[in-house]
1. Does at least one position in region 112-122 carry a residue that is within 15 Å of Y220 (Cα to Cα), of a type in the set (D, E, K, R) and surrounded by 14 or more Cβ atoms within 10 Å (Cβ to Cβ)?
2. If a residue has to be under 22 Å from the mean Cα position of the chain (by Cα) and assigned to a loop (DSSP other than H, G, I, E, B) to count, how many in region 128-160 make the cut?
3. Would you mind telling me which numbered condition in (1) aliphatic (A, V, I, L, M); (2) more than 18 Å from I120 (Cβ to Cβ); (3) without any contact (Cβ under 8 Å) to a residue 60 or more places away in the chain; (4) in a helix (DSSP H, G or I) V246 fails?
4. Hey, does region 223-232 have a residue that's surrounded by 13 or more Cβ atoms within 10 Å (Cβ to Cβ), over 21 Å from the mean Cα position of the chain (by Cα) and outside any helix (DSSP H, G or I)?
5. Of everything in region 269-288, what is farther than 17 Å from V246 by Cα, within 32 Å of the chain's Cα centre (by Cα) and acidic (D, E)? Give them in sequence order.
6. Tally the residues that are over 16 Å from Y76 (Cβ atoms) and free of Cβ contacts under 8 Å to residues at least 24 places away in the same chain, restricting the search to region 23-38.
7. Please go through region 242-268 and give me each residue that is over 18 Å from the mean Cα position of the chain (by Cα) and either closer than 25 Å to V173 by Cβ or loosely packed, with under 10 Cβ neighbours inside 10 Å (or both), ordered by number.
8. Pairs needed: first member in region 194-211, in a helix (DSSP H, G or I); second member anywhere, of a type outside the set (K, R) and at pLDDT below 95; C-beta distance under 8 Å; at least 6 residues apart or different chains.
Amino acid sequence: MLPEINRFQKWLRRKAPQSSTHIHYINDLELFFAWIRKPVSEISVQDIDRFVDNCHQNGLAFATTNRRLAALRSFYHYLQLESGDAPQNPVIPKRHFVRLGQHLPRDAQDSEVEKLFAHICGPRDRAMFLLMLRCGLRVGEVRSLSLNDLYLDPASGSLPRLWVHGKGGGQRVVYLSAQAQAALRIWLAIRPLSGDPAVFLNRFGRRLTVTAIQKWMAHYCIQAGVWITCHQLRHTFGRHLIEAGVPVITIQKLLGHARLETTELYLHISDCQVQADYEAAMVEINRKLALEAGQS
């Protein structure tokens with residue numbers, strides 16, 4: 001690893017010790033400098049142009065390209081904070097970042113979720129994935145949970161809850177459904193003793209990594225004959241709340257969205273009123289213009 005990248009990694013960890021950003025950013029930077037084979041101080045705007053073109057030619061998702069550009073831009077910003085003699089930032093947002101259209105959350109079909117959970121029998125993994133499906137936790141938030149984040153026996157009139165370490169070092173309170181709480185209690189009853197305060201441990205008694213959790217999800221998907229990502233379980237939680245008539249502002253707080261507009265996207269994937277209006281309209285349209293099979 002280049003010494004500049006090593007210092008940048010330490011800086012990111014100091015800034016946001018609970019975040020996994022440093023893992024993704026450092027990986028992106030190492031991929032870039034392995035490809036460009038030039039010193040940090042010699043990277044030009046034109047080099048970034050070529051890098052973006054290379055990402056497109058290799059079929060890289062636009063969002064992934066933008067994340068790699070964000071890593072590079074943040075890296076050079078750090079170098080400028082570190083030294084007045086740092087090179088100019090070669091990443092120009094208006095020139096290099098790919099403009100993305102609005103993407104709706106991709107939830108999972110309930111029938112596929114049922115198939116998946118039919119194969120998740122282990123207490124640890126069932127608790128982990130139910131926290132995503134019933135509480136909307138991100139995979140990194142599940143990984144970051146520690147024992148002192150759990151409030152399973154609150155005072156009378158309060159619900160069991162978690163303190164969740166979310167994006168950007170922020171925190172939010174997440175309430176536990178009866179199903180998620182029961183699964184969590186079953187796991188905690190057999191959780192091995194460890195000096196690591198993590199709720200979810202690997203076989204060595206240490207905190208699971210995000211990659212390990214994602215691999216377990218892939219393992220169960222293969223067994224069930226479906227393909228669902230951890231984040232799709234979170235999106236499915238959002239859809240379920242919309243379908244249950246929960247106010248959007250409440251959903252925003254439960255999901256930990258910084259912007260209400262992000263939460264409102266869930267209205268587009270499951271809007272009961274739009275569905276009812278469409279169904280009624282189709283009945284009326286078909287009454288006026290019935291296209292019978294076989295007619296020309």
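The values are calculated or read from the model by the stated rules, or taken from the named source; none is laboratory data. Please read all numbers here as calculations on a predicted model, not as lab measurements. Note: ideal-geometry Cβ built from the backbone for every residue, glycine included; neighbour counts use all protein chains shown.
1. yes
2. Total meeting the criteria: 4.
3. Every listed condition holds for V246 apart from (4).
4. Looking for residues that are surrounded by 13 or more Cβ atoms within 10 Å (Cβ to Cβ), over 21 Å from the mean Cα position of the chain (by Cα) and outside any helix (DSSP H, G or I), one finds none in region 223-232, hence no.
5. The answer is none; no residue qualifies.
6. Selection size over region 23-38: 4.
7. Of everything in region 242-268, those that are over 18 Å from the mean Cα position of the chain (by Cα) and either closer than 25 Å to V173 by Cβ or loosely packed, with under 10 Cβ neighbours inside 10 Å (or both) turn out to be I242, E243, A244, G245, V246, P247, V248, I249, T250, L267.
8. Listed pairs, sorted by first residue: V210/S20; V210/I23; V210/V139; V210/G140.
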